[in-house]
Structure formats: structure tokens, C-alpha cells
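To keep things clear, I will list the structure first and then write my remarks on it.
Quick note: the coordinates plus some simple rules give every number you see, no bench work behind them. Remember, it's a predicted structure, so these values are computed and weren't measured experimentally. All Cβ positions, glycine included, derive from the backbone under ideal geometry; neighbour counts span all protein chains shown.
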Amino acid sequence: MAGTSSREVLRKGLVLMVRAIREEPRLFAISFTGACVAGLLTIGSAFVVGAVVARVVVPVVESGTVTAAPLVVAVVVLVGLSLFKAAGIVARRVGSGYIQLRLPAKYRRLITRQYLRLPLAWHHRHATGVLLSNASADVENAWWGTNTMAYAMATVIMLVVALGSLFTIDWMLAMVALAIFPTLFGLYALYSRSITPRYTRAQELRAEVSAIAHESFDGALVVKTMGREAQETARFAAKVAELRRAVISIGRVRGAYEPVVDSLPSVGTLLVLIIGAWRLDSGVIGVAELVGAAFLFALLDTPARAIGWFLTSIPGAVVGWDRVRVVLDAEGEMVYGPVELPAHGEGAEVRLDRVSFRYERATKVDELVPQPRHGPDDGPGPLVLHDVTFTVPPGSVVALVGQTGAGKSTIASLIARLLDPTTGIVSLDGTDARELTAASLARTVALVPQISFVFDDTVRANVALDRVGIDDERVWWALRLARADGFVARLPDGLDTTLGERGVILSGGQRQRLTLARAVAGHPRLLVLDDPTSAVDPRVEAAILGGLRSAEVQQSIIIIAYRPATIARADRVVYLERGRVAAAGTHAELLASQAGYADLVTAYEKQEAERLRAHAYESVAEEVGMRA
């Protein structure tokens, strides 16, 4: 937008204001009507004041005698005009204020719904801080000018009427107005050309600052434990300093132009007094006309500035709207089909048929338009899955095993339909997952992600999630199955205990078990477990997996696992290497036939044994120390 002309910015700004009027016609009508009433009465009051001065004040000064009747009439007229004008101002401000509050609120909701509608793949391409900036600062900037929109439009009508009135008084005084107001618009054109690229850059930098801050908050534990506070502070400070320079450059441009814009009406008033005094001395106009013209220019001071305020708000509004529009126009909605799977019964059958997948390139924070998606062979990112094919029979347990980056978590997301495959089909009970309704998919599949998330709410709310049919009895059943009932019962308020942001009062293992309870509470026919018990003691993990395999549950289970004991519990193991299925079979079969698989499992087994020995040594040392 840096190269956009001032005329184009003005055009976009006016189109945006027309959009605001169409979306809030009643409020705009109230505001505009109030502004017009106040404006026309402002012009009328100028001529009334002129008449009062000429017919009441001047005779009193000349005669030295005060007559009550003319004064009373003058006071009544002036007070009446002031009251009607005040009513118009109240209507104008109330209408504009509501517009300025309602439109941002509406578009925040629209953006939030869009974020929820767009698939996870779209979110992968955009930094969280940028999305927060779109829903906050960009929305505010887009509709900021609506506060003075009706006032500015009514002021245009005022200026036309005032100009006509000035021509009826004296053409020379009218020429002052004809010189002042075109100059105002010319200054705006220069201002817009200078300020628009600065506004654009400042908005981009706000998004970048927000992204860095959000990343630092999320990674606070890593930052603290790795001693990277100084580096993170320096990274944040550098970007903030860049934003500061951008905002200061905006301030400098505004400081150069806005005082000139604000002073133009005052200059006009001064010129009217000078020229008007000369014309009065020449006998062309009278005192009433001179006072009325000067008072009119003085009263038009603030309304004329309103035009300046409105025009100077347009560049920022256009920048904000362009960034908001990118989100609202984003494509890639996760489209669901009409098919409903049975809500209950045996575990679901899962089949991946020649599934390939690539992640798209992440969009930079200063990119307004996301990059288009390409075909499977020329996309922006490399394939992370290649022709993956395997089947999970109903009621069985299948373990996905592979090195980091082999594609296990991606497969989990595809099965839960957080992502759609680039090529191939993921089917549930023989139906393409893309043909299922959203409700049926949510009932059938429950994903326990690698990173457990706990809401800042009670235990009950975290497990039930306001789902129909999940009462306290069901919550406790799910907690027992996840071996979380013990620590929940020991919490101060049991199910009513508030867990804090991200479950701050819980340990990592407790958060994992609570997340698992949330998944099983809905009684899904398929559980997809992405290493859900990595922070849990092996004995507790064995108890959890044993409970999940009980006859009461009868779910199909896909588990991403590393511990040999966990893998051995699976009916079948799918071994992945670099996004491909290298082998499939039982744990024993793969140990005997796949050297890479055996090395991976053995290495983890040795690592786990070392960890357990270290833990036992620490426990003995602590006990000896306590006895001493």
C-alpha cells in the first residue's frame, strides 16, 4: 500500500464509510440528522447574533438607554437556538458513539468466527500475534473514523449553505471561504500521500511486536530455564524500538500538517474581519453583516476541523480495513458432508489409503495476502507424508512408532480431521472423513494432543466442556479411567476447583490425565492418543492403557508411543520412517525384522532404564539424608 495514491486512499476510505452507513443506517440517520440540525442552527445563530448586535446592542450603546423588551426577545431567541443546537449535538454524538462501538464489536465477532471456521492448515501459516492484532488494533483503526463521519458530512452541507449565505452578504467575503476550503483538501492530499505508508508500516510492526510477545509468553519456561531472558528482551526491545520510530514518524507528519489544517478556519476569520472592516468602511456592508460573517467563520472553526479529523483518519482506517479484509476473505473452510456414523457400538474402523500431506509455507507477519496453495508436486513446502496406507480394525489398538519428524502427529491430526490430506483418503467405517458431519466426527473421534491444554476453569468444566449428557457421574467415571480421580479428590474443592491459566496448579502428568479424561468422557468410538502419557509414571500409564482396553470401553485406539511397554500392549505396530510406512506388524515381529525399529525401541528402553535408576538413586540419597 506504500505506493497507493492519495486519491485511491480517499476512494477506499469513502467506500469504507459507505459500508459503515449501510451496516448501521438507523444510527447514522440519528447522528447525521443531529449534526445537520446543529450545523444549520449554527449558521442561523450567526445571523441572529449579527441582528442582535445591530438592532439591540448598537442602539443601546448609541442611546445609553436600555430597553427590556428587545433584550428579552434576544435572550429567548438565543437560548432557544442553543437548546435545539444542544439537542442536535447530543443526537450526533450518541449516534456516532454507538456506531464507533458497535462496528468494531461486530467485526471482532466476525473475525473470531472466521478463525473458528478456517482449517488448522490456515492457522499454521499465520503467527498468533498477527491474528490477535487483526482482531484488536486493525479492527479499531478500520472504524475509528466513524466517530466524525456524520459530523464531517453535515459540515459539508454547512459549508455549502454558509458559502451561499456569504455571497448574499458580500462576494468578497465569500471569496475568502472559496480560498480556504480548497486549500484544506489540498493539504489533505499531501498529508495522505505522506502518512499512508507510515500507517501501513506501523500496523505491520504492531503485529510483529504482538507475535514476539505472544511467543515469549508461551515459551516463558524455556526462556527462563535456558537463561535466555536477556536475548528475548533484546529481541523484543529491537522490534519495539522499530515500532517506536515508525509511530514517531507518523507523529512528525501529523505535527507538520494538522496544525496547518487546524489554523485555516482561524486564518479565514481573521481575513473576514480585515476585509469586512474595509468593506464596512466603504459602506458596502453594515454592522450586522460584518458581525454575522465573522461570527459565522468563528462558529465554522470546529466543524471545519471535523472534516480535517475525518480526512486524516482515513489512511489509518484503510490500512486497518485491508488487514481485516484479508482475514474475512480468507478461503479454505473445512467443509463437512451429510453422513452420520453410529454414535455408539464397537470401535470405529480407520483406513488411510495412499495418504500424502504437505504443510504450506507460513505467512510472514508483514504479508497482507496469504500465498495460494499449489498442487501436490509444486507446493510451498515438502511432503511430510508419502503414500501412507494402513488399517485400524474395529476395537483394536495400533501404535504409531517412529523417530521425531517421521509424521506421527500429522497422521493423528489427519485422522481427527484437523487437517485434510493433500492426496489420498482417510476413512472412518468405510466413509471418507470429509463426508461426515461435524457433529458426527466430534462424537466418533477424540484426539488427545501431544501438548495437553487445561482451561482456566474448574475440573468439571475442563472435563465436561458443556457437552450434553456428561454429568458428574460421567465426569468421575472418566477421571477414574484416566487415573485422575485420586488427585482430583484431594484438590481443595474437588470438581469445583479452579485450575488457573493452563492448569498452573497441576503437574505435567496431572494435566495429561485430565486431558485424557476429557477425551474419554464423550465415549468416542476412536481414541487418537499423541503420546498422552509421556509425563506419567510407567505404572500409572499401564493402568490407564489397561482401563482403556477394558470390555466396558470397546474403543479403537491409535497411540503414538515411545515406551516399549506401551508399544507391546498394541495389537499392531505401524513403523514410520521419513513420512513413509516402513513396516507394520506386531511388536515382536518388528523387533526381529526391522533393525531401525529395534534400535529406536532399544535406545528408548535404555534411556528409560537410566532415568529410573537415577530416580531410585535420588530417592535413596534423600532417605539416607533424612535419617542422618
task: Amide H neighbours of A583 under 5 Å, at least 5 residues apart or on other chains, H built in the peptide plane: list them.
output: Y575
message: For A561, what residues show an amide H to amide H distance below 5 Å, using hydrogens built from the backbone and excluding near sequence neighbours?
response: L400
message: Quick check: convex hull of the Cα atoms in segment 109-208, volume per residue, rounded to a whole Å³?
response: 109
Inter-label distance, nm, simple model (7 Å from Cα along the C-beta direction), D387/A68: 10.9
Sequence-distant residues sharing a close amide H with S396 (under 5 Å, placed H): I557
field: Hypothetical label at Q554: residues of segment 504-530 whose amide nitrogen lies under 15 Å (7 Å Cα-Cβ projection)
entry: 523-526
From phi via Karplus (6.51, -1.76, 1.60), per-residue ³J(HN,Hα) for segment 584-592 in Hz, x at Gly/Pro: 8, x, 7, 4, 5, 5, 6, 4, 7
field: Dmax and Rg, reported as Rg then Dmax, of segment 6-328 (C-alpha, Å)
entry: 25.8, 91
- prompt: Got a sec to turn the phi values of segment 429-445 into Karplus ³J(HN,Hα) couplings, 6.51 cos²θ - 1.76 cosθ + 1.60 with θ = phi - 60°, whole Hz, x for Gly and Pro?
  reply: 6, x, 10, 3, 4, 6, 8, 7, 6, 4, 5, 5, 5, 5, 6, 7, 10
query: If you take the beta carbon distance between L81 and Y115 as r and set R0 to 60 Å, what does 1/(1 + (r/R0)^6) give as a FRET efficiency, to the nearest 0.05?
result: 0.70
- request: Round to the nearest 0.05 the FRET efficiency obtained for D571 and E346 when R0 = 22 Å and r is the Cβ-Cβ distance.
  value: 0.95
Label point distance in nm, V247-E8, each placed 7 Å from Cα along Cα→Cβ: 2.9
